[in-house]
Amino acid sequence: MSSVLPLSAPVPRARDPRVVERGQHKLGKRLRRQVGQAIADFGMIEAGDKVMVCLSGGKDSYTLLDMLLQLQKKAPVPFELVAVNLDQKQPGFPEHVLPDYLTALGVPFQIIEQDTYSVVSRLIPEGKTLCSLCSRMRRGALYNHAAHHGFTKIALGHHRDDRVATFFMNLFHHAKVSSMPPKLLSDDGKHVVIRPLAYVSESDIVDYAAARNFPIIPCNLCGSQENLQRRQVGLMMQQWEAQHPGRIEQISRALGNIQPSQMADATLFDFMALGHADDTSSPDARLHWVEVESDPPDDHQPGLRAPAP
Ligand code: SF4
């Protein structure tokens, strides 16, 4: 389940009338605008789409469903929404909460029952984090369900801070500049995943969820500890935001403002074509340069081309 601010549990503020008012008016308006903007920017929803809204019972997925339901009423195109929950059979999972909530709302919903909890607990040694395998199994179950029920889009509740946290995780631990895209094609090419909350901050979601009084289901029923590296990144982001308000938003915007010519990935920008008309960019010339650096002979002179074998 997504969350990058693990150290500050959301403070229940639903009874504060000022927060309720903010949630129902100004904040709600901002969230609708941001979600609408993301949908428009990435072409997330088209006429006739059947959107599977993945609902875990956490603040993010409740907010996602709530936003999509509101926007559906004013959307320029007709589309269908179905809330889908994967009951992973975690101990103590309150099975009635989501059906009760969705029935009261009048939203079509489906519950998938699959005991991924037992499988993950059996396979992962005690003390290790379960989340990686659990997430893969959950993704598989949701993709299968989408395929069998003709869903054209799968909507997930990842938000702006999740995208930024993933960027730093990939940067620090995988040496790549990569994040969590607002829209993507699944690896098997069969599913389009959308993240309509891509522009929404986690702190706004915390406030909104409190104001709307969503019946939150705790995300620690499985007993898994959050990955330490992700926790550290979350803490780093929290500290930055506290010291430099607006920094996370800046980073989020930067993820949509990549300048390949100012990076160093030759597969994204043709650096070879810059400024040279001679043969230095030919494959042969490149190979000679590489050889010079990789295996110089004993009498090698820096800058000289290695002798032909
Ligand atoms: S192991 Fe628990 S916390 Fe981790 S992804 Fe699965 S349900 Fe969420």
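The values are calculated or read from the model by the stated rules, or taken from the named source; none is laboratory data. Quantities reported herein were computed from a predicted structural model and do not represent experimental measurements. Glycine also receives a Cβ, built like all others from the backbone with ideal geometry; neighbour counts cover every protein chain displayed.
Can you confirm whether region 116-137 contains a residue that is basic (Lys, Arg) and surrounded by 15 or more Cβ atoms within 10 Å (Cβ to Cβ)? No, there is no match, as no residue in region 116-137 is basic (Lys, Arg) and surrounded by 15 or more Cβ atoms within 10 Å (Cβ to Cβ).
Looking across region 178-236, just one residue is of a type in the set (A, V, I, L, M, F, W, C), within 16 Å of the ligand (Cβ to nearest atom) and surrounded by fewer than 15 Cβ atoms within 10 Å (Cβ to Cβ), and that is LEU228. Of all residue pairs spaced 6 or more apart or on separate chains, those with beta-carbon atoms under 8 Å, a first member in region 111-136 that is assigned by TED's automatic domain parsing to the domain that holds VAL97 and within 11 Å of the ligand (Cβ to nearest atom) and a second member that is in a helix (DSSP H, G or I) and of a type in the set (Gly, Ala, Ser) are THR116/ALA141; LEU130/SER121. Of all residues in region 81-98, which are in contact with a strand residue (DSSP E or B) (Cβ under 7 Å, 6 or more places away or on another chain) and away from the ligand (no atom under 12 Å from the Cβ)? Once the filter is applied, which keeps residues that are in contact with a strand residue (DSSP E or B) (Cβ under 7 Å, 6 or more places away or on another chain) and away from the ligand (no atom under 12 Å from the Cβ), region 81-98 yields LEU81, VAL82, ALA83, VAL84, ASN85, GLU95, LEU98.
Against the list (1) surrounded by fewer than 15 Cβ atoms within 10 Å (Cβ to Cβ); (2) at pLDDT below 95, the condition GLY106 fails is (2).
Which ones in region 237-249 are in a helix (DSSP H, G or I), loosely packed, with under 13 Cβ neighbours inside 10 Å and not aliphatic (A, V, I, L, M)?
Selection gives GLN239, GLN243.
Counting residues in region 199-214 that are assigned to a loop (DSSP other than H, G, I, E, B) and hydrophobic (A, V, I, L, M, F, W, C) gives one or more. Hey, could you check region 253-300 for residues that are closer than 29 Å to ASP41 by Cβ and of a type in the set (Asp, Glu) and say which is modelled with the highest pLDDT? Filtering first and then ranking leaves ASP265. Tallying residues that are touching a residue at least 60 places away in the same chain (Cβ under 8 Å) and either aromatic (Phe, Trp, Tyr) or farther than 20 Å from ILE45 by Cα (or both) within region 140-162 yields 3. Which residues, counting only those in region 155-168, are surrounded by fewer than 22 Cβ atoms within 10 Å (Cβ to Cβ) and either more than 12 Å from the chain's Cα centre (by Cα) or under 21 Å from ILE112 (Cβ atoms) (or both)? Of everything in region 155-168, just one residue is surrounded by fewer than 22 Cβ atoms within 10 Å (Cβ to Cβ) and either more than 12 Å from the chain's Cα centre (by Cα) or under 21 Å from ILE112 (Cβ atoms) (or both), namely PHE168. Every condition in (1) more than 16 Å from the ligand (Cβ to nearest atom); (2) of a type in the set (Gly, Ala, Ser); (3) within 19 Å of ASN220 (Cα to Cα) holds for ALA75 except the one numbered (3).
Considering the conditions (1) without any contact (Cβ under 8 Å) to a residue 60 or more places away in the chain; (2) closer than 20 Å to LEU255 by Cα; (3) away from the ligand (no atom under 16 Å from the Cβ); (4) hydrophobic (A, V, I, L, M, F, W, C), LEU105 is excluded by exactly one of them, (2).
A quick yes/no check of all residues on (1) crowded, with 17+ Cβ neighbours inside 10 Å; (2) modelled with pLDDT under 95:
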position	(1), (2)
MET1	yes, yes
ARG18	no, yes
ARG33	no, no
TYR62	yes, no
LYS74	no, yes
ALA83	yes, no
LYS89	no, yes
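The set of residues from region 251-272 being loosely packed, with under 13 Cβ neighbours inside 10 Å, part of a helix (DSSP H, G or I) and among the polar types (S, T, N, Q) comprises SER261, GLN262.
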